[in-house]
Each structure stands twice: as structure tokens, then as C-alpha cells.
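What follows is one structure encoded as C-alpha cells, with my remarks underneath.
The values are calculated or read from the model by the stated rules, or taken from the named source; none is laboratory data. Since this is a predicted model, take the numbers as computed values, not measurements. FYI the Cβ positions are ideal-geometry reconstructions off the backbone, even for glycines, and counts take in every protein chain you see.
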């Protein structure tokens, strides 16, 4: 179990989760990168921004 | 609860909210619809007016004068009619869910100020529970009389409630703008609803002075704060989207706001937090809620100020009218809150 750095939701990780793996937060949908496995740590992966009205 | 079905009648069954109530109650596992009234259409099949119900019921509209005793009455009447005939309705049913604005305000003076006339039955105001079950669940369970909330009010209140309740935002400059579909205007046509006039329009129908601000203020914080509200009708049939601009007293991060909303709504069956980083539906979108009883709530913190934008969406005929009324009905009768309201919506739509 780890905590989403964006929305603070608990994110379940498989026992075989690996460093560098990309997962999605089930609550806020943010793409997250596993940056540590012992203990599990998550960071926000780069996101594409949407820009209308140019 | 025994297997005996609860008998329900709908007064004013020919309008849009009445039609939605018929649709919901026909499929409700604990309800038998006894009557639906319409003075204009008495004697006519209800499916002539609500053609989606064709094949599901042979019910015909009755006149209000033919109303028989039942367990619960749903009142879907124009402004002022519920309160005018409330004694008659209370004789017919032990429990009443009124979808009009007649009994929503606790304070008769506020009613007079916003509706332009004294309340005809002020002594009854305190007996009606305001019908947003998320705010008044325990009272609703005990209630005999519920005054179901307005559609714009429901979306606005549920969007802002955690912030006001926790005293996290400035109390004098919250601004909410509702974008609404044409069904909010009801089933009776008028000059503004004629197709060449209505189609394609973006009409600021209440930039200020919307009457339902009174119930928003009542539920959010009372007389001592200001809520500035505007409403614009768009070229859609169902749905209301409220965009509220609130100003935080403290520099909360988005993660803190997530925690706040999760704390209030995490266990709510009909309020969902919708805030995603990517995809087509990152924030609440009323289109996805058509026919459902959900209120979706999302937010975004402005990066350069203390402004927090809260976005909330509903189907105005469901969570803003018939669905919310059935939700209250379920609570009043000790039934699962979601009975008859499980439809998840359509996609694409």
C-alpha cells in the first residue's frame, strides 16, 4: 500500500511492483511512478496538459 | 419492512419531474403507484404524455379531486399550490414529499423577502425537512414531511458544503454560476421556449436575484454570509453544471481539499468526487449524469491566488428533482437509500 502524492488516496500495489513502474491512482486518475519499493513510494509521472483557447 | 408495497401517488404527474417520478417508482421494488394527477389530462393514459413508459403501465391521469388515501404523496405542483392545498394533501397521506419551493425555507421572513408575499402557512415550515439527504439524513429518516431541494440549489450546496461547514472560505465573496438545460423551465411552453428562439441560445436568465439563493444560503451558512449566484440556460435538455469560485482563508493544497471532500462524501452513495488529471471527463460533466441520481463534484486550486474553483454537476430532473425525492422517500420508509436509483447513466450519450 502506498499513498497517492496528488490526492492522498491509498493506492494498492502488487507485491511484485517494481521501481520505475507506472500505475494509475484509482481516485484521481493521476499516472504515478513507483519511485521506491521498500517502503513503497510514488511520485507523479509527467502529464500532458490540455490547452484550449489559443 | 414487510413485503407489502408502499402506495404512492403523484400530484402533478404530467410535468417533467412527475414523469421522472413515474419512471422511477414503476421500477421501485417497494412501491405501488396508486394515482398520478393532472387536471388537464385527467382520463388520459400517462404514457401519452410520458411515452418512455409505454408498455409499462396502463395508469391514467386522475383529477386532484379524485385523489384517494395512500401512504405517500409526491407533490409536483407549480409554485404556491402545495401550500395552498396542504391540508387536503395531509388528509390523504401520512407522508409527503413536496418538490416545489413552498416549504423549503425555515424562515417565513426570508420566504416573504424572496418570494414577494407572506407565506400562507408559516406554522408548517419547521415541520418540513429540507430535502438534501446528504445534509439531513437522520432528520429525513424521522420525517413525515420533506421539502425536496431545488436543482440549482442541490448542485451548489453539495459543491460548497464541506468548505462552508468547515469555515475554510471567505464568507462574503463566493460566486456560483449555473449552466442549465431547458427542462429546468418545466413542461409548459412559453415565448422563450419556442424552438427558433431557444435553439442555439446561451441565455443569461438570472444573472442576479435567483429566488433559490435563499435556500442555498440557509443550508450553507445562514444570513451572515453572501453567496452570489447567476444562472444561464444552454442548448441542452437535461443537466446543471455549477462552477463556484470560493476564496480560501488558508493556503490549502489540493491534497488537503481532496481529504476534505473525501471525508464528507467518501461514503455517500450519490456524491462522487470527479477530478482527474487527463482524459475527456476530468471534471464533472452533466451529460454523463442523465437519468442518474448522482451529484459529481470536482475542484481546482488556482495557482496564483487563494481561489478554489468547485465544479458540481447533476441531472436536474433526477438529483435535482425526482431522484432526490425518491432518495428521501427511501430514507423515510427505512429502505435502502439507493432503491430504485441504481441506474449508472449512459456512455456515450
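Here are the numbers:
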| quantity | calculated |
| --- | --- |
| In segment B:165-213, the residues that are assigned to a strand (DSSP E or B) and closer than 30 Å to residue B:250 by Cβ | B:169, B:174, B:175, B:176, B:177, B:178, B:179 |
| Total residues in segment B:257-272, condition farther than 24 Å from residue B:177 by Cα and either in contact with a strand residue (DSSP E or B) (Cβ under 9 Å, 6 or more places away or on another chain) or modelled with pLDDT under 95 (or both) | 2 |
| Any hit, segment A:27-35, residues being on the phi < 0 side of the Ramachandran plot, under 8 Å from the mean Cα position of the chain (by Cα), more than 14 Å from every other protein chain (Cβ to nearest Cβ) and modelled with pLDDT of 90 or more | yes |
| Segment B:238-256, subset assigned to a loop (DSSP other than H, G, I, E, B), in contact with a strand residue (DSSP E or B) (Cβ under 9 Å, 6 or more places away or on another chain) and within 14 Å of residue B:308 (Cβ to Cβ), residue nearest to the other protein chains (Cβ to nearest Cβ) | B:253 |
| Candidates B:79, B:47, filtered to the one that is modelled with pLDDT under 95 and more than 25 Å from residue B:338 (Cα to Cα) | B:79 |
| Residues that are more than 14 Å from chain B (Cβ to nearest Cβ), in contact (Cβ under 8 Å) with a residue 12 or more places away in the chain and either in a loop (DSSP other than H, G, I, E, B) or in contact with a helix residue (DSSP H, G or I) (Cβ under 6 Å, 6 or more places away or on another chain) (or both), drawn from segment A:36-50 | A:39 |
| Qualifying residue in segment A:12-23 (condition: within 19 Å of residue B:259 (Cβ to Cβ), assigned to a loop (DSSP other than H, G, I, E, B) and either away from every other protein chain (no Cβ under 13 Å) or at pLDDT 95 or above (or both)) | yes |
| Residue count for segment B:266-298, restricted to those that are within 10 Å of chain A (Cβ to nearest Cβ), in contact (Cβ under 8 Å) with a residue 24 or more places away in the chain and touching a helix residue (DSSP H, G or I) at 6+ places or on another chain (Cβ under 7 Å) | 1 |
| Condition broken by residue B:303, with the remaining ones in (1) out of contact with any strand residue (DSSP E or B) (no Cβ under 8 Å at 6 or more places or on another chain); (2) assigned to a loop (DSSP other than H, G, I, E, B); (3) in contact (Cβ under 8 Å) with a residue 12 or more places away in the chain satisfied | (3) |
| Residue B:231 being surrounded by fewer than 17 Cβ atoms within 10 Å (Cβ to Cβ) and either more than 14 Å from chain A (Cβ to nearest Cβ) or out of contact with any helix residue (DSSP H, G or I) (no Cβ under 9 Å at 6 or more places or on another chain) (or both) | no |
| Residue count, segment B:64-76 (criterion: under 17 Å from the mean Cα position of the chain (by Cα) and either modelled with pLDDT under 95 or surrounded by fewer than 18 Cβ atoms within 10 Å (Cβ to Cβ) (or both)) | 0 |
